[in-house]
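I have placed the structure first, in the form of structure tokens, so that the comments after it can refer back to it.
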Amino acid sequence: MEVPQETLDKLSTWFLQSLSLDASLRRAAESSLLSAATSPGFPLALLKLSSLPSVDLQIRLASALHFKNLLKSRWAPTSDNPLPDSDKTLIKSLLLPLLLQSPPLIQSQLSEALAIASSHDFPSSWPCLLPDIISSLGTSLSSGDYTSVNSLLSAANSLFLKFRHSFDTQALRLDLKYCLDLFAKPLLETFLNTSNLTTPAADPSVLKPLLECQRLCSEIFHSLNSIELPEFFEDHMREWMEKFRFYLTSTFAPQVETDGTADALRASICENLQLYMEKNEEEFKDYMEGFATAVWGLLMNAAKSPSRDQLAVTAIKFLTTVSTSVHHALFGSPEVLGQICNSVVFPNLRLRDDDEELFENNYVEYIRRDSEGSDTDTLRRTACELLKGLAVNYREQVMGLVSTQVQSMLAAFNTNPAQNWKEKDAAIYLVVALSPKPGATTGYLVDVESFFTSVILPELQGQDPNTVPILKAGALKFFTVFREQIPKPAALSLLPGVIRFLGSESNVVHSYAATCIEKLLLVKDKGPMPGPTARYGAADVDPFVPQMLTGLFNALEMPDSQENPYVMKCIMRVLGVANISVEVATGCISKLASVLAMVCENPKHPLFNHYLFEAIAAVIRRAGERDASVILIFEKTLFPELEKILVKDISEFWSYAFQIFTLLIDLHAPPLSDGYMALFQVILDPSSWKRSGSVPALVRLLQAYLRKMPNELNREGRLGQVLGIFSQLISTPSTEELGFFVLNTVVENLSYEIISPYISNIWGALFSRLQNRRVYKFISPLLIFMSLFLIKYGAGVLVDSINSIQQGLFLMILQQFWISFSTKISGTVEQKLITVATTRLICESPLLLDPAASENWGKLVDSIVQLLTNSDQAGADFEDDADVPETIEYTGSFARLHNAGKKEDDPLKEIHDPKQFFVSSLSRISAQFPGRFGPVIQQFVSPANQTALLQLCGAYNSAIV
Amino acid sequence: MPPSPSPSPSPPHQPRRTPENARKKAYKEQADVSNGRRRREAQLLQLRKSRREDTLSKRRRDDASSPSTEPEPDIGPARPESDPPSSSDPPPLPCAADADSSKLLGIINGLKSENISLQLEATIKIRKILSVDGNSLAEEVITSDVVARLVELLSSKKNPRGPQLQVEAAWALTNITAGPSEHTEVVTNAGAVPKLVKLLESPRSDVREQAMWALGNIAAESQRCRELVIDHGGLVQLLSQFNEHAKVSNLRMATWTLSNLCFGKLPSNSQTKAVLQILQQLLNSIDEKILSDTCWAVSYLCNHGTDEIQMVIESQICYLLVKLLMHSSPKVVTPVILALANVSAADDCQVQFLIDSGILQCLPKLLTRNYQKCIKNQACMTVSNICAGTTAQIQAIIDAKMVPLLIQLSQRGETDIKKEAIWAIANATSGGSPDQIRSLVGDGCIIALCNALVLSDADLLYACLNGLESILKVGEMEKMKDEAGTNPYAVLMEECGGLDKLENLQGFNNDAIFEKTIKLLESYWVEEGSENEAPKEPSPDDT
């Protein structure tokens, strides 16, 4: 690899500058690097630079990092600017040897680079890689160079990881077979040779790389055994398993025991045992008992270190698997059950020191682990899973053991609450963990009710929110988990206690109190029809609202809780449920506005911010719907902050701001103030539409304007601007639906006189787009728009305005799209629109009433009947639903157009039953031309639909004569 | 060679579900239900150790057994490679190599003589040497010269002792072909096949039987050898052995040889049909050995593809096979369930034949009674394949009350069977109609699928996610019916800990599974109650 010295010098300088503290220097260097990136041989220069011993390590590292990132973005042949094959070939030939020569820092970057390249090219386009690894491995092993051995194994390990998680395909198996044929044997040899060198009492500096090597072998073992048990591994199972057992049962020099090296190997071995239990139970069964004993022995060993915890988690998982397998009888005797519970499960339930630290110093992480299920790999949770596993086959015995344990923990607490509070905490944890969630049928392992009364209530009723906060948190969690079972009066009587905890200095406690209230407000009762209703309504909550809001807003003042998402979520929920007075509402808005001002400075917590805007919206809507005059007060408070978002271009908040504006406009009594008119200019500016994330919100805002002041549109060429936005939106598939929303809103709110000057442009844009985009996703909203247009302006205007583009165009559209696609339209409102529009077309349009058009006429009748039959089966026709996922999406989006959930947005309120409309219109028109349509129907409507049509006529007492 | 102490057998070329389908679906988010056949059909490259049924076994005829009285060692899935050496014929004492060589020289001279008595005597000596496992002389006997001469002797002239010589020569060749591939190759290269086939026309049943034995061993060698036998008319001759005059021992031998020939794909459909015609008759046999080998032959044929399966169905065999599922001997039941499992991996119409033959009345018995694991496993796989069928076929499973049984199997039992049961549940829920899904949920399918989310098998995980997705979709319909409220199935999933497990799957390093997991989480567990909030834009939820 020849790289000119000057290139290397130049790169060195840039990398050095890219590490500079001077921002301008840094930026200049970064842009130089960026522009050099496409020059030929650039990746090779990076690789060369990172491997030159003479170069400063910082620069080498920066270069290696850059190299890795370059491979990540450009190695894939499908990437934007893929590396040329010539570069790739060179890199592949150089990477492994350079990696082996590099110091650890550089090596880890180059290993990642190797992993990236191999994920695309190995094995078929990189045939020498594995043989090279194997031959170097042999050399390094015979010279006892374990640094190289481990580098090579770790490279090999990255090649094989894909076998763990990929789908089982022929191609994958071919790759795996290739790897097995080459590597299974050297792997075993490496493992056995290394194990012969491993004497437990050896010097830690010797032992450490050996154990690390064995861990890598064990990892590779896992990958190569993931699809099925390969022949070679079955033939050599005994050798592997004996050594695995050796590492599980030997104790090594104290240093490698404490620094986690030995435990990392053991954890990896336990994962392999788990794998064999899952995949090769039968072949493995002779080893199982021995391993169960070995693993259990490990767990009895009380050594406490983070690495031991990790090991204990995998070890307990293995025991859990055994406990639920056909071999569960290994644990079945009362003595063994008792021992497992008492020495493996129960001791691990107690809060550990680092949990306590987390409770005090990082409440977010603590809560995630404690109550949001991210504790799957904690000892507590794993131990409980083992208990549940044992209970599958030994339920009675386990219940007995648990109940005794809970009693003894509580007794210990009662003798000395101040000192033994962890016992009570563990008892609460145990009960929560073993209780199935509400409504589950599996039944309880403990008696929840009595536990609640005797253990939880005293904590919730305690007056000082700051004593033993962990127990308060546990009690609040218990209340939250069992909120559905606790009867309403009892829960309401506990509410003041919970509100008091909002004032706790502990972040976890006030977060849990907020969560408790929030979840309580979501509880629903499966009452009589019409379905579940909220258990706690405004009337229940209102008396507590002032204290709640005070407590919640105070909590936001506490250290580390300024952006506490649990608290903000609770505020949002309370404001959504309670009926609040104008005073409280304005107070809330001003508090929320000042929070908004704060987060605008540095938006960093998306979840918190989302709840914040939700809360603001909740106040505006609930208060504004009752008394529109408060909107003016809200505007005054909120406008400065919202404007700031637009002016300072805080892009994260754009779509929120637009939605708040939309809400304010919707609730605003006309006319709109000047501020809104200024905003209107902003949204008509095409540059506002460039940010795709805020386009849906902008569309909604635009709709709000169009609804509120349609006539303003006709001034100052605004309509032209709006239609410009429309044609921009329909030009890309991702925004085309939004374009139709704009257009639909225009048609719904403006008279034809206003839009007629633009109509040929509109049709022109739509039909030229249609030529390139004959897909359901475009045709469906187009038909809806045409239907809306017809309903609003009449069939004649629709036909004539389209034909004015090109004579006969309407018929063409009708034949090619309307007839065949209208049956596929989904969504209640949409189906109603197309049914009514089609009906009016065949009953009003001279074009279709012309006898020459009878074929089209008949086919349109056929498609309406088909659509009406389809809509009857909607929901029941499950499989079809699943076939066309766009359908489901589309339903949602049209609802958005009409501000979903608001019934008055049905553009056809006057027609209740589209079927009736269809049948009676048809009957009326046939009465005008007796005897004419019968034969047409017979000829062009399918027999099934003829029958359906007859039934419809019967149902509405109409007839076609 | 002693019989290998292998664990209970696993199926030959275990049919697999088509992961290609899963992949296709993963990349193109199209409907899971439409092409929802997640059956095992493609034969994937095998990495496992071959089990006994993966390859055919050969058999040596030892000195004590006469083909007419005791030709059959243990037929069935477990065919020992040899019968134990008979005590009546102690192995030759180890003697000096020189002595051996000179003795051998004498034998070979006898073999080469034109005197039929000497020929016979030498041939008997040779086959005695070859009848004993591990005889040091065997290697020296198996030279092209000796073998060529033995082959010549197969067509000995008309002579009262000719047939005996033919038997002895064929016996010797039988034992050579029972050895390793190189030995068999010496025999086939010496042109033994046409002569052995010719012997099938012999009026003497002992000659025919010994010839079939040798041909059976040759057919067990490789596909090339099977083709060699067939090309020389061996199959036709073999089929003619099945007639009303045949002795039971002859029929047994013929069936065994036929089953070996069926191991590979037969060259033409007409041959397959002819074989099936015979097999169909043999399935009515009361002889357990014949029955067992017949069933093996059918199961091999079913392994070759849907064309063969179609022919099997057309020859009215399915019904007989299903009846034999209840046979008392596992030696019969094992090949039968393997054959039926293969049929169940075929297309919907073919699967329908199984159902129409009443298989669903038998499978629950196989699954609940004390059968070998491999039988249960295949039975469960058959169920899972039927579950991947049409909604009518899923309904048949439900009507046969199999779902509670599957749920039970998915919770307890050997892991292999657990997984098969989960496949079945996942297939049924993925493809079931809304009503069927409601019924499946009522039986506890949600818990079963959720518990499976901790497994490490990507294909099975994906199937479970598909099943759960269908369930949740129906849950949405329930939700709409109630006009308010929650998706009851999402709630059930949460309650049984499934949601936690689903969340953990986000860490599973497989793109398709990751995306499916996210899709489920986002579609069914969006922020509780947020549908009531004013702004409806998706939250930029980081977490």
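What the table shows:
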quantity	calculated
Close pairs from region A:694-718: first free of Cβ contacts under 8 Å to residues at least 24 places away in the same chain, partner outside any helix (DSSP H, G or I), Cβ under 9 Å, at least 6 apart	A:Asn711/A:Leu750
Residue within region A:150-168 that is among the hydrophobic types (A, V, I, L, M, F, W, C), touching a Phe, Trp or Tyr at 6+ places or on another chain (Cβ under 6 Å) and within 14 Å of chain B (Cβ to nearest Cβ) present	no
A:Ile589 touching a His at 6+ places or on another chain (Cβ under 7 Å) and either assigned to a helix (DSSP H, G or I) or surrounded by fewer than 14 Cβ atoms within 10 Å (Cβ to Cβ) (or both)	no
Residues that are of a type in the set (Ser, Thr, Tyr) and either surrounded by fewer than 17 Cβ atoms within 10 Å (Cβ to Cβ) or under 29 Å from the mean Cα position of the chain (by Cα) (or both), drawn from region A:349-406	A:Tyr363, A:Tyr366, A:Ser371, A:Ser374, A:Thr376, A:Thr378, A:Thr382, A:Ser403, A:Thr404
Residue check for B:Thr177: surrounded by 18 or more Cβ atoms within 10 Å (Cβ to Cβ), of a type in the set (S, T, N, Q), within 39 Å of the chain's Cα centre (by Cα) and within 15 Å of B:Arg61 (Cβ to Cβ)	yes
Single residue of region A:319-336 satisfying the filter (within 13 Å of chain B (Cβ to nearest Cβ) and part of a helix (DSSP H, G or I)) that is modelled with the lowest pLDDT	A:Thr324
All helices (runs of 4 or more DSSP H) inside region A:81-148 with 3 or more residues being among the hydrophobic types (A, V, I, L, M, F, W, C) and over 20 Å from A:Asn69 (Cβ atoms)	A:129-142
A:Leu632 vs. criteria in contact with a helix residue (DSSP H, G or I) (Cβ under 7 Å, 6 or more places away or on another chain), farther than 26 Å from A:Met548 by Cβ, away from chain B (no Cβ under 14 Å) and surrounded by fewer than 21 Cβ atoms within 10 Å (Cβ to Cβ)	no
Filter result for A:Glu242 (of a type in the set (Asp, Glu), away from every other protein chain (no Cβ under 14 Å) and either closer than 20 Å to A:Cys217 by Cβ or outside any helix (DSSP H, G or I) (or both))	yes
Single match in A:Val619, A:Val574, A:Val584, A:Val595 (criterion: in a helix (DSSP H, G or I), closer than 21 Å to A:Pro543 by Cα and away from every other protein chain (no Cβ under 14 Å))	A:Val584
Residue list for region B:513-543, restricted to those being buried (at least 19 other Cβ atoms within 10 Å of the Cβ), modelled with pLDDT of 80 or more and either within 11 Å of chain A (Cβ to nearest Cβ) or more than 39 Å from the chain's Cα centre (by Cα) (or both)	B:Ile513, B:Tyr524
Criterion violated by B:Arg252 - all others in (1) part of a helix (DSSP H, G or I); (2) farther than 24 Å from B:Thr184 by Cβ satisfied	(2)
Extreme residue, nearest to A:Ser511 (Cα to Cα), among residues of region A:598-609 that are assigned to a helix (DSSP H, G or I) and in contact (Cβ under 8 Å) with a residue 24 or more places away in the chain	A:Phe608
Residue match in region A:16-38 (condition: in a loop (DSSP other than H, G, I, E, B) and under 22 Å from A:Leu90 (Cα atoms))	yes
Residues being of a type in the set (A, V, I, L, M, F, W, C), surrounded by 20 or more Cβ atoms within 10 Å (Cβ to Cβ) and in contact with a Ser or Thr (Cβ under 7 Å, 6 or more places away or on another chain) - total across region A:54-87	4
So A:Thr550, is it free of Cβ contacts under 8 Å to residues at least 40 places away in the same chain, closer than 18 Å to A:Pro487 by Cα and polar (S, T, N, Q)	no
Residue selected from region A:829-869 under the condition small (Gly, Ala, Ser) and part of a helix (DSSP H, G or I), by the criterion farthest from the chain's Cα centre (by Cα)	A:Ala852
Some residue of region A:679-693 being touching a residue at least 24 places away in the same chain (Cβ under 8 Å), out of contact with any helix residue (DSSP H, G or I) (no Cβ under 9 Å at 6 or more places or on another chain) and either loosely packed, with under 14 Cβ neighbours inside 10 Å or at the interface with chain B (Cβ under 10 Å from one of its Cβ atoms) (or both)	yes
Pair list, Cβ under 6 Å, 6 or more apart: region A:644-670 residue within 14 Å of A:Phe634 (Cβ to Cβ), other residue in a helix (DSSP H, G or I) and charged (D, E, K, R)	A:Thr662/A:Arg700; A:Ile665/A:Lys708
Boolean, B:Asn509 is within 9 Å of chain A (Cβ to nearest Cβ), surrounded by fewer than 20 Cβ atoms within 10 Å (Cβ to Cβ) and assigned to a helix (DSSP H, G or I)	no
Flag if B:Thr174 is closer than 14 Å to B:Ser222 by Cα and at pLDDT 90 or above	no
Matching entry among B:Leu261, B:Leu215, B:Leu228 (being under 23 Å from B:Leu338 (Cβ atoms) and not polar (S, T, N, Q))	B:Leu261
Residue list for region A:333-343, restricted to those being within 17 Å of A:Glu289 (Cα to Cα) and hydrophobic (A, V, I, L, M, F, W, C)	A:Val336, A:Leu337, A:Ile340
Residue within region A:102-115 that is within 14 Å of chain B (Cβ to nearest Cβ), surrounded by 15 or more Cβ atoms within 10 Å (Cβ to Cβ) and closer than 30 Å to A:Ile59 by Cα present	yes
Qualifying residue in region A:340-358 (condition: within 14 Å of chain B (Cβ to nearest Cβ) and farther than 30 Å from A:Pro565 by Cβ)	no
Enumerated helices (runs of 4 or more DSSP H) restricted to region B:292-395, each holding at least 1 residues that are closer than 17 Å to B:Ser259 by Cα	B:306-314, B:317-324, B:330-344
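For every residue, the table says whether it meets (1) among the polar types (S, T, N, Q); (2) at pLDDT below 90.
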residue: A:Pro851; (1), (2): no, yes
residue: A:Asn856; (1), (2): yes, no
residue: A:Val861; (1), (2): no, no
residue: A:Thr869; (1), (2): yes, yes
residue: A:Gln873; (1), (2): yes, yes
residue: A:Ala876; (1), (2): no, yes
residue: A:Asp880; (1), (2): no, yes
residue: A:Pro885; (1), (2): no, yes
residue: A:Glu889; (1), (2): no, yes
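The values are calculated or read from the model by the stated rules, or taken from the named source; none is laboratory data. What you are looking at is a predicted structure, and each value in this text was computed from that prediction instead of being measured. Neighbour counts run over all protein chains shown; Cβ positions are idealised from the backbone, glycine included.
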